[in-house]
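Student: Encoded as structure tokens, here's the structure I'll be asking about.
The values are calculated or read from the model by the stated rules, or taken from the named source; none is laboratory data. All of these numbers come straight from a predicted model, not from anything done at the bench. When we count neighbours, we look across all protein chains shown, and the Cβ atoms used for this are built from the backbone with ideal geometry, even at glycine. Areas reflect the complete protein model, heavy atoms only, side chains present, ligands, DNA and RNA absent. Shrake-Rupley method; radii C 1.70, N 1.55, O 1.52, S 1.80 Å.
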Amino acid sequence: MREIETGTDHLLAKIENGVGYLIMNRPDARNAMSMAMNEAMQKNIAKFELDNEVRCIVLTGAGKAFCAGGDVKGMSSRNKEGREEDTIDKAIHRQRDHQRATAGKLFKMPKPTIASLPGAAAGAGLSYALSCDLRIMSADSFMTTAFAKVGFSGDYGGTYFMSQLIGSAKARELYFLSERVSSEEALNLGLTNWVVESSKLEEKTKEIAEELASGPSVAYRYMKENLNRAINGEVDECLDLEATHHVHCGETIDHKNAVEAFVKKTKPEFEGK
């Protein structure tokens with residue numbers, strides 16, 4: 001296990017058995033975002049994407065929450081003191097850039113990403129969770145869009161990710177009414193992949209993440225692109241892309257080793273080549 005210096009104690013990071021862990025670390029504030037956390041998140045997601053040692057990424061929160069989203073108390077203070085940005089256009093550009101480099105990057109990067117929820121995922125924190133490929137929730141955790149309750153329309157791609165996962169009508173309901181979604185309901189809706197007892201969350205997360213980290217990373221890269229394109233792509237475009245990626249994977253060492261292992265009835269070892 002290797003600890004990674006993130007530049008702030010608001011975000012912890014480590015690499016273990018091929019898995020890169022990003023841990024939002026403001027437990028007293030339910031891991032609400034801070035400027036330091038946001039900047040570190042952007043930098044370290046980019047590092048993990050390019051680090052060949054990292055073959056799967058896990059995003060989680062310290063303590064009993066995943067992430068409460070924006071720091072509403074901090075927003076109140078800033079509203080009283082006035083906006084620091086020179087113009088609203090600069091503020092919009094800054095947020096667009098950060099959203100693409102965090103939630104957008106988790107969604108698009110060529111490595112499997114997992115959100116592990118020990119507790120509440122709210123607002124932009126929920127958007128982070130939904131931007132990942134897979135989600136694991138503790139039984140006592142919950143999700144909520146929360147934006148309507150503080151007069152926000154929503155950010156970090158949550159409206160896109162949720163609409164793709166569960167359909168527009170239900171997404172509108174959850175955004176407009178900001179109701180809590182229990183782990184059981186989230187599983188039934190398709191917002192999460194697994195629900196486990198809180199004492200088993202870390203174990204289950206590690207199990208899935210290390211399985212992915214030991215898998216065929218080249219195939220996963222193209223598989224993820226295929227799946228992302230399938231969301232909005234035209235059918236012939238998706239068929240052509242699948243053909244290109246499938247033939248390319250057939251030339252990899254991983255594929256050839258896996259075929260030999262299949263014939264010999266042994267477990268394949270993937271090298272990412």
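Student: For a quick check of understanding: with a 1.4 angstrom probe and all protein chains in place, what accessible area in square angstrom does Val195 have, to the nearest ten?
Tutor: 50 Å²
Student: The range 88-141 to the range 189-207: how many Å between their Cα centroids?
Tutor: Taking the Cα centre of each part, the range 88-141 and the range 189-207 sit 17 Å apart.
Student: Does the range 108-183 come out rounded, prolate or oblate by the C-alpha gyration tensor, with a ≥ b ≥ c the root eigenvalues, rounded set by a/c under 1.5 and, if not, prolate when a/b is larger than b/c and oblate if not?
Tutor: Judged from the Cα gyration tensor, the range 108-183 comes out oblate (a/c at least 1.5, b/c at or above a/b).
Student: Let me ask another. Past 19 Å, Cα to Cα: identify those pairs from Lys111/Lys224; Lys47/Lys256; Lys14/Lys108, in the order given. Please list the in-between numbers first.
Tutor: Details: Lys111/Lys224 8 Å; Lys47/Lys256 30 Å; Lys14/Lys108 21 Å.
Among Lys111/Lys224; Lys47/Lys256; Lys14/Lys108, the Cα-Cα distance tops 19 Å for Lys47/Lys256; Lys14/Lys108.
Student: Still on this model: Under the rule of -39500 (n - 2.57) per DSSP H run of 4 or more residues, summed and divided by the residues of the chain, what mean residue ellipticity at 222 nm is obtained, to the nearest 500 deg cm²/dmol?
Tutor: Taken over the chain, the calculation gives -15500 deg cm²/dmol.
Student: I want to check the label-to-label distance for Lys264 and Asp28. Put each point 7 Å from Cα in the C-beta direction and report it in nm to one decimal.
Tutor: 5.6 nm
Student: Short version: ³J(HN,Hα) in whole Hz for each residue of the range 251-261, in order, from phi by Karplus 6.51 cos²θ - 1.76 cosθ + 1.60 (θ = phi - 60°), x for Gly and Pro, what are they?
Tutor: Each residue of the range 251-261 in turn: 8, 7, 5, 4, 4, 5, 5, 5, 5, 5, 5 Hz.
Student: For a protection proxy built on the mean count of beta-carbon atoms within 10 angstrom, sort 92-100, 141-149, 230-238 highest first, please.
Tutor: Details: 92-100: 13.7, 141-149: 22.0, 230-238: 11.1.
The densest-packed peptide leads the list: 141-149, 92-100, 230-238.
Student: Also, I was wondering about something else. For Ser127, Ser182, Ser217, write out the residues from largest to smallest accessible area, computed with a 1.4 angstrom probe and no ligands counted. If you can, show how the numbers build up before the last one.
Tutor: On the way: Ser127 0, Ser182 55, Ser217 25 Å².
Listed by decreasing accessible area, they come as Ser182, Ser217, Ser127.
Student: Could I ask something else about it? Students often get this wrong, so try it: which of (i) -0.49; (ii) -0.54; (iii) -0.68 is log10 I(q)/I(0) by the Debye sum over Cα atoms at q = 0.10 Å⁻¹ as calculated from the structure shown?
Tutor: Computing log10 I(q)/I(0) by the Debye sum over Cα atoms at q = 0.10 Å⁻¹ and matching it to (i) -0.49; (ii) -0.54; (iii) -0.68 gives (ii).
Student: Heavy-atom accessible area per residue, the chain, 1.4 Å probe: how many Å²?
Tutor: 55 Å²
Student: Still on this structure, please answer the following. Quote the FRET efficiency, to the nearest 0.05, computed for Glu3 versus Asn193 with a Förster distance R0 of 35 Å and r equal to the Cβ-Cβ distance.
Tutor: The formula returns an efficiency of 0.80 here.
Student: Holding the Cα-Cα limit at 25 Å, pick out from Lys64/Lys206; Lys64/Lys90; Lys170/Lys200; Lys43/Lys90 the pairs that are longer than that.
Tutor: Lys64/Lys90; Lys170/Lys200
Student: Right, next: For the range 110-256, rounded, prolate or oblate, judged on the Cα gyration tensor with a ≥ b ≥ c (square roots of eigenvalues), a/c < 1.5 rounded, else prolate if a/b > b/c?
Tutor: oblate
Student: Which percent of the accessible area of the chain is formed by carbon and sulfur heavy atoms (probe 1.4 angstrom)? Before the final figure, lay out the partial values.
Tutor: On the way: 7710 of 15090 Å².
Its accessible area is 51 percent carbon and sulfur atoms.
Student: Only bridges with both residues in the chain count here: give the DSSP antiparallel percent, nearest 5.
Tutor: Working: 11 of 32 bridges.
Percent antiparallel among DSSP bridges in the chain is about 35.
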